[in-house]
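Visitor: Input: one structure, supplied below.
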Amino acid sequence: MQTRFHIRAFPHEAMAHGIPPRIPFLPDNVVQWPTTTLVTGMEGEFLWLDEDLEPTSSVATPFPMRTVLAVAGEEHLIACWLDRELLLANMGTIPLGFTEQGISRAELRRGGTSGQARHPKGHTWSHSLDAEPIAMVCHDGSVLFSLYNRGLYCIDEDATERWRVAPPSWRYTKRRPRSTEIVALHVQGDEFTITSRGGRIQRRSMRNGALLEEFILPAIEGPLEHHFQAGEEHLVCSSDGTVWWLQHLEHRMHIKLSGPVQDAKWDPTINGWRIAGWREEIVLTSHAMHRNETDEIPHRVVFARGQTFILFNDGSWENAHQVPLVSEEE
């Protein structure tokens, strides 16, 4: 029996709709709901988009601090803001589509003139944090997050605490700088996992945070920068641009990119990973790696309109690289 691969290429510019309008600030996070997308900026800007990535509002800054973590709640944004210069951190929720301007950075620096001065404009709830937020995930009404050297916390979307546990301790035989820092949280059913920068994973209970298992990722060399997961597909990225693809936590392949990874998404239509790299867009499938060099730095991979777009660090968009279709014949 012999397998032949028939490859049919599509032009890179082929798309059913035009390129989305440019984001008028330096983009940071992209958070998506079924019919709404939010792009946040490096200085706290918000821009709401519709399902076609067309703006539905003008730019507003509810809070003049960088939104370092942002996840989609049921009808609102759940976010953490951080200003290392002013040593301020905050966590709260904002309703979908909220577009009012908050206090200025000068007011934030002065401490403001009211009790609401250090909270985002329009918040449903908001709390000041006494440590830097490191990672956060929202799943089935539970918000799981980590604060640096403080611990792990689980709350509901109304900020009612469900449990908290001490910072994880890890079974590293040799202590290396920053190896115990958390780089990712992932939830699957009634369990969640924590990935450390050194390459170890802890599996814990969503019911109370109790440790169930600790193990090391196979064939991985730290320090790690990212751990992306979609079901049993894992993409683990080191700070030097090395990328490992794992399936069911077993090594499948690894590649070396030209620099650190900015973002990655699993694309079920191609059964592969779309990676925003350092001045390059990468598509990694079981058949091949497709590399597309770019002038700007790809910042986020975004699915919309049944297509894939790349959002660059200057706010511009491009249609993602079209992967050749591959079929098999006996």
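Just so you know, all these numbers are worked out from the coordinates, no wet-lab data involved. Computed from a prediction, not measured in an experiment: that's the story for all the values here. Neighbour counts are summed over all protein chains in view; Cβ atoms, including those assigned to glycine, are modelled from backbone coordinates with ideal geometry.
Visitor: Return the Cα extents of region 183-330 along principal axes one, two and three, sorted largest first, each rounded to a whole Å.
Guide: The Cα atoms of region 183-330 stretch 45, 44, 30 Å along the principal axes, largest first.
Visitor: Continuing with the same structure: Assuming R0 = 25 Å, can you tell me the calculated FRET efficiency for the pair residue 180 and residue 22, based on Cβ-Cβ distance, to the nearest 0.05?
Guide: Efficiency, rounded to the nearest 0.05: 0.05.
Visitor: Which Cα, out of 131, 208, 261, lies furthest along the positive dipole direction of the chain (beta carbon charges, K/R +1, D/E -1)?
Guide: With unit charges placed on the Cβ atoms, the residue in question is 131.
Visitor: Here's another thing I want to ask about it. Sort 142, 126 so that the residue with the fewest other Cβ atoms within 10 Å of its own Cβ comes first and the one with the most comes last.
Guide: 142, 126
Visitor: Take every Cα pair under 8 Å in region 82-168 that's 6+ residues apart, average their separations, divide by the length, and report that relative contact order as a whole percent.
Guide: Reported as a whole number, the value is 22 percent.
Visitor: Oh, and also: What distance in nm lies between label points placed 7 Å from Cα along the C-beta direction at residue 166 and residue 104?
Guide: The two pseudo-label positions are separated by 4.7 nm.
Visitor: Which value in nm describes the separation of the simple spin-label points at residue 254 and residue 84, placed 7 Å from the Cα toward the beta carbon?
Guide: 2.8 nm
Visitor: Give the peptides 314-322, 157-165, 170-178 in descending order of average Cβ contacts within 10 Å, highest first.
Guide: 314-322, 157-165, 170-178
Visitor: Please give, to one decimal in nm, the separation of the simple spin-label points placed at residue 74 and residue 211, each 7 Å out from Cα toward the Cβ.
Guide: Placing both labels 7 Å along Cα→Cβ, they lie 3.4 nm apart.
Visitor: Normalized C-alpha radius of gyration of the chain, against 2.2 N^0.38 Å?
Guide: Relative to the 2.2 N^0.38 Å estimate, the chain comes out at 1.04.
Visitor: Hey, another quick one. Please give the residues of region 298-317, grouped as numeric ranges, whose backbone N is less than 17 Å from a label point set 7 Å along the Cα-to-Cβ vector of residue 54.
Guide: 304-307
Visitor: If contacts are Cα pairs under 8 angstrom and at least 6 residues apart, what is the relative contact order of region 187-249 in percent?
Guide: Over region 187-249, the number comes to 22 percent.
Visitor: Rounded, prolate or oblate: which fits region 84-243 when a ≥ b ≥ c are the square roots of the eigenvalues of the alpha-carbon gyration tensor, with rounded for a/c under 1.5 and prolate only if a/b beats b/c?
Guide: prolate
Visitor: Determine the dipole magnitude for the chain: charges of +1 sit on the beta-carbon of Lys and Arg, -1 on that of Asp and Glu, nothing else is charged, the reference point is the Cα centre, and the result goes in debye to the nearest 20.
Guide: 1280 debye
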